[in-house]
Amino acid sequence: MTFTDTITLRNAEFAKERYSSDLKIIPSAKTIIIGCLDPRVDPVDVFGLKSGEAAIYRNLGGRINPALVEAMVLLPIVTRAAGQEMGVGWDLIILHHTECGIIGCYKHAPDLLAVHLGVSRPQLDLMAIGDPRKAVAMDVEAYRSNEDIPGGFMISGLVYDVATGLIEVVVPPSRLRLGA
């Protein structure tokens, strides 16, 4: 049996027992969580999320990069098409974690990592790759300074400890940009 067979069976169980056609394209908690691809740090599990509660975007290290900024610029268009506005009343949670694999990329393929993050190689050295607390604070600040991202969000920066399963609020929730 392949893993595709396994997940196909799991999907049939999901569709029969837990699927809800009532879910909407807009997350019920009006929350977007940006985190890492690491399977140890699945926001659904870490935060005990219910289906449809949050939109989750995951990439390498959960770091801000050009593709993520592009997605954040496009999301208000999707939201408007669904008859709502994105911004005020919404939460943007940036989730980093300890023991992140991005450290290995930084050590073994820094030029590729710099391209992925949309920075120069010298800028990469300033991004606190090995320190998730500093990195999440830097990313929150990068979101704040990017005028293309809707400003009404409440933004916070959290770090998940893979050794304990606990999160730490590094950047408490505050408005992404004042006046937004």
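The values are calculated or read from the model by the stated rules, or taken from the named source; none is laboratory data. The structure displayed is predicted, hence computed values, not measured ones. Reconstructed Cβ throughout: ideal geometry from the backbone, glycine too, with neighbour counts over all protein chains shown. What goes into the accessible areas is simple: the full protein's heavy atoms, side chains included, and nothing from ligands, DNA or RNA. Shrake-Rupley method; radii C 1.70, N 1.55, O 1.52, S 1.80 Å.
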Once Lys and Arg are counted +1 and Asp and Glu -1 for all other residues with Cβ under 11 Å from that of VAL41, the total becomes -3
What distance in nm separates the two pseudo spin-label positions at THR164 and ASP91, each 7 Å out from Cα along the beta-carbon direction?
2.0
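Rolling a 1.4 angstrom probe over the protein heavy atoms, how many square angstrom per residue are accessible across the chain?
On the way: 10130 Å² over 180 residues.
Ligands and nucleic acids excluded, the result is 56 Å² per residue.
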Counting Lys and Arg as +1 and Asp and Glu as -1 over every other residue whose Cβ sits under 13 Å from the Cβ of SER28, the net charge comes to 0
Amide H neighbours of ASP91 under 5 Å, counting only residues 5+ apart in sequence or on other chains, H built in-plane at 1.01 Å?
THR31, ILE32, MET154
In nm, what is the difference between 0.36 nm times the number of residues separating SER20 and LEU74 and their Cα-Cα distance?
16.8 nm
Residue-by-residue Karplus 3J(HN,Hα) for region 147-153, coefficients 6.51, -1.76, 1.60, Hz, glycine and proline x
5, 6, 7, x, x, x, 4
Quick one: pull the percentage of alpha-carbon pairs in the chain with a separation above 22 Å.
50
Relative contact order for region 96-180, counting Cα pairs under 8 Å that sit 6 or more residues apart, in percent:
29
If exposed means trypsin sites (Lys or Arg not before Pro) lying in a DSSP loop and surrounded by at most 15 other beta carbons within 10 Å, then the longest stretch of the chain lacking such sites spans residues 51-180
Loop-located GluC sites (Glu not before Pro) in region 108-175, at most 14 other Cβ atoms within 10 Å (DSSP)
GLU147
Using θ = phi - 60° and Karplus 6.51 cos²θ - 1.76 cosθ + 1.60, couplings along region 85-95 (whole Hz; Gly, Pro as x)
10, 9, x, 4, x, 9, 10, 10, 10, 9, 10
May I ask you to compute the full-extension gain from GLU147 to SER51, defined as 0.36 nm times their residue separation minus their alpha-carbon distance, rounded to one decimal in nm?
31.5 nm
What is the distance in Å between the Cα centroid of region 1-54 and that of region 142-165?
21
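Would you work out what percent of the accessible area of region 40-117, with all protein chains in place, is carbon or sulfur (probe 1.4 Å)?
Within region 40-117, the accessible surface is 60 percent carbon and sulfur.
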